[in-house]
Ligand code: NAD
């Protein structure tokens, strides 16, 4: 197979000043794309701003012979980020919605600011950049979007109801984009990554941080947006060199007939059947974030390690 490249394409990566976004930006630039390195440069909690995060990544890309510009807008003003791409490069082909913050706190202690700030950056930010890019994608009959969800959204995670809500909303948003974009050759997919970054460095033990380098997520993002990839509307997990696809599963369920006892009492009598996943499957079914990070593939002796 020929080397995968993105020559002539313009890629916007939000939150590309650190962590996963920085690796995506470097990768696309090294493979011929022109890259908009967006980053507001605030704290993990979404406080403040600093242009140096995007500037440092942009300079290192340009110094290595790539083509990149920095953008310092918040994704909440996503239309400005897309406008910067159009102004600098005249088009946009690929949008990686990656920017994110955390405001971890239990529901009991959640303030409206904790809730709104997290929903704004993740969900509204993803919506704003995508809405601004959409007319360009439609007009050129080509566009690729990768949105970023999280295990927290898929399984729930203690202290992250704001983040989990935003992240699962992004899955529904993406699946709808896929349906609306299909006839214009616009593909939208969503990933739930796990990687060492400033988001996880205070929570994970050092040996775990070593195993989950952000570069190990890059192949999935690169594959999903490549012209040769037909995926649209799908959800994937990526971490430490392992890649998998996620889907909902429905049990065969029960049918209550109106001619028999019909009500909650009848349903509770058959409750066992409601949640009975009869079909035998070898697919793994993690129940929470911890299980998701400790599935069988982690035990693989030949699993890639290090950065
Ligand atoms: P990170 O903190 O290193 O990177 C996030 C970047 O987004 C930062 O550089 C930050 O400045 C930028 N950003 C924050 N708010 C912004 C805004 N309003 N506008 C523009 N930029 C903004 O964290 P990361 O781990 O690389 O996270 C990247 C994405 O992956 C996030 O969406 C995160 O929720 C998601 N994610 C990460 C993990 C993980 O294990 N690291 C797990 C699940 C999901």
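The values are calculated or read from the model by the stated rules, or taken from the named source; none is laboratory data. If you're wondering where the values come from, they're calculated on a predicted model, not measured in any experiment. Here the Cβ positions follow ideal geometry from the backbone for every residue, glycine too, while neighbour counts run over all protein chains shown.
Some points to look at:
- Qualifying residue in the stretch 146-153 (condition: crowded, with 24+ Cβ neighbours inside 10 Å, over 20 Å from residue 42 (Cα atoms) and more than 14 Å from the ligand (Cβ to nearest atom)): no
- Restricting the stretch 106-120 to residues that are within 16 Å of the ligand (Cβ to nearest atom) and over 20 Å from residue 21 (Cβ atoms), the residue that is surrounded by the most Cβ atoms within 10 Å (Cβ to Cβ): 114
- Check on residue 201, within 12 Å of the ligand (Cβ to nearest atom) and modelled with pLDDT under 95: yes
- Residue within the stretch 5-12 that is touching a helix residue (DSSP H, G or I) at 6+ places or on another chain (Cβ under 7 Å), modelled with pLDDT of 95 or more, more than 15 Å from the ligand (Cβ to nearest atom) and part of a loop (DSSP other than H, G, I, E, B) present: yes
- Evaluation of residue 257 against (1) touching a strand residue (DSSP E or B) at 6+ places or on another chain (Cβ under 9 Å); (2) surrounded by fewer than 10 Cβ atoms within 10 Å (Cβ to Cβ) (one fails), failing number: (1)
- Taken over the stretch 209-228, the criterion of being within 12 Å of the ligand (Cβ to nearest atom) and without any contact (Cβ under 8 Å) to a residue 24 or more places away in the chain is satisfied by 209 alone.
- Residue 196 vs. criteria at pLDDT below 95 and within 27 Å of residue 6 (Cβ to Cβ): yes
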